[in-house]
């Protein structure tokens, strides 16, 4: 879903119509609510990003990586893995079969993280950094784009997009007429229930998604 589809889905739920002037009337407010929803979903699902970069520096025993190397704002580093770089197609391959490198993370100031050389890492090596990221906010002005393909979309996997209109509707009716408070609470509950269901389906425990082959004589 893109931002326009999120706003229109919310307006349909509210029975307010999806005419262009109606969408324009609610664009900024619903975009603000939608961005709140995206951040909340990312927090609940511990949404991660993986960016690859090169270890620079010559000081033993470690090498610094700064947040400038990442495509998104970073909340916390979760893993640093060795990676291979293919200069022919400018692609990286994360070496999941290698053990993660030890690192030290600095919350304030530079360096952002420090990879220790005792793991065999050296200057010039490529690494894949997995981190909890801050989703990029959607902008209501993107609704005015001539090309519909350029309308902003949530910075989340597509299977999570359906949760956003539920949150937007709940926020829209929260704090309004007291007679609507029950509806707002119902949609917050529905949002939380859908989040829980998707967490069970997509996260659960690591053992839940193991594939095993059995051979019977």
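The values are calculated or read from the model by the stated rules, or taken from the named source; none is laboratory data. Please read all numbers here as calculations on a predicted model, not as lab measurements. Neighbour counts run over all protein chains shown; Cβ positions are idealised from the backbone, glycine included.
Looking at the structure I just gave you, is residue 41 surrounded by 14 or more Cβ atoms within 10 Å (Cβ to Cβ), under 19 Å from the mean Cα position of the chain (by Cα) and over 18 Å from residue 1 (Cβ atoms)? No. Counting only residues that are closer than 22 Å to residue 77 by Cα and either part of a helix (DSSP H, G or I) or touching a helix residue (DSSP H, G or I) at 6+ places or on another chain (Cβ under 7 Å) (or both), the range 109-153 holds 6 of them.
In the range 34-46, the residues that are under 15 Å from residue 157 (Cβ atoms) reach residues that are assigned to a helix (DSSP H, G or I) with C-beta atoms within less than 6 angstrom, at least six apart or across chains, in these pairs: 37/164; 37/167; 41/160; 41/163; 44/195. Residue 100 meets each of the listed conditions (1) on the phi < 0 side of the Ramachandran plot; (2) touching a residue at least 40 places away in the same chain (Cβ under 8 Å); (3) in contact with a strand residue (DSSP E or B) (Cβ under 9 Å, 6 or more places away or on another chain) apart from (2). Looking across the range 101-125, the residues that are crowded, with 16+ Cβ neighbours inside 10 Å and modelled with pLDDT of 85 or more come down to 101, 103, 125. Restricting attention to the range 19-35, does a residue exist that is exposed (fewer than 13 other Cβ atoms within 10 Å of the Cβ), touching a strand residue (DSSP E or B) at 6+ places or on another chain (Cβ under 7 Å) and part of a loop (DSSP other than H, G, I, E, B)? No, the range 19-35 has no match at all. In the range 70-100, the qualifying residues are those that are more than 17 Å from the chain's Cα centre (by Cα) and surrounded by 16 or more Cβ atoms within 10 Å (Cβ to Cβ), and the one that is nearest to residue 115 (Cα to Cα) is 80.
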